[in-house]
Amino acid sequence: MTSLLQILLIAHIIFGLLGVVGFYAVWMVLLKRNPTPKFLKLSSLWGLIFLIVSWLTGGYYYATFYGASVKPIVKASAYPWAHNLFMEAKEHVFLFMPFLAVVLTLVIWLQHEKLNAEVGGLKHSLVLVAGIITIIGFIVTFAGIIISGAVR
């Protein structure tokens, strides 16, 4: 693997984790009685940016290296299910994250003044979306760890 591909893979992992941390922070702050709009706006924006960068770097890595070089190794290993189950699920489940992140970020930026006024409704929906993004992020991270272990 060339150094550029190694850098892209590392960037994919780091930016993905930073994105998940950003949306975990959003989730936790939304659970507070009076969430801080400035913090929510910044955390959601940075989380979104990090997820998009992770999406792009991971996609490039997958298209240029994983499919041709790593996937055959995983499928020939003692753990072919690591690709068949976890990578296939990761590929499809992760596609939802950036879109959910865009929706969550836009709503926070455009409707932040309503968050402290409501107990349910909008705030409750945002809590659910932030939680879904975070949980999907943890699942995708776990799937990546399993896939990496199958290569070794």
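Each value in this text was obtained by applying a stated rule to the coordinates, not by laboratory testing. Predicted model only: the values in this text are computed from it and were never measured. Because the Cβ atoms are built from the backbone with ideal geometry, glycine has one as well, and the counts that use them run over all protein chains shown.
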- Task: For the chain, build the convex hull from the C-alpha positions and give me its volume per residue in Å³.
- Result: 94 Å³
- Ranked output for segments 15-28, 48-61, 102-115 by mean other Cβ atoms within 10 Å, highest leading, reads 15-28, 48-61, 102-115
- Query: If one takes the longest principal axis of the Cα atoms in the chain, at what angle in degrees, from 0 to 90 and to the nearest 10, does the Cα axis of helix 3-30 lie?
  - Reply: 30 degrees
- Item | Over the chain: helical MRE at 222 nm, DSSP H runs n ≥ 4 each giving -39500 (n - 2.57), nearest 500 | -25000 deg cm²/dmol
- Which FRET efficiency value, to the nearest 0.05, do you get for residue 111 and residue 21 by plugging their Cβ-Cβ distance into 1/(1 + (r/R0)^6) with R0 = 30 Å? 0.80
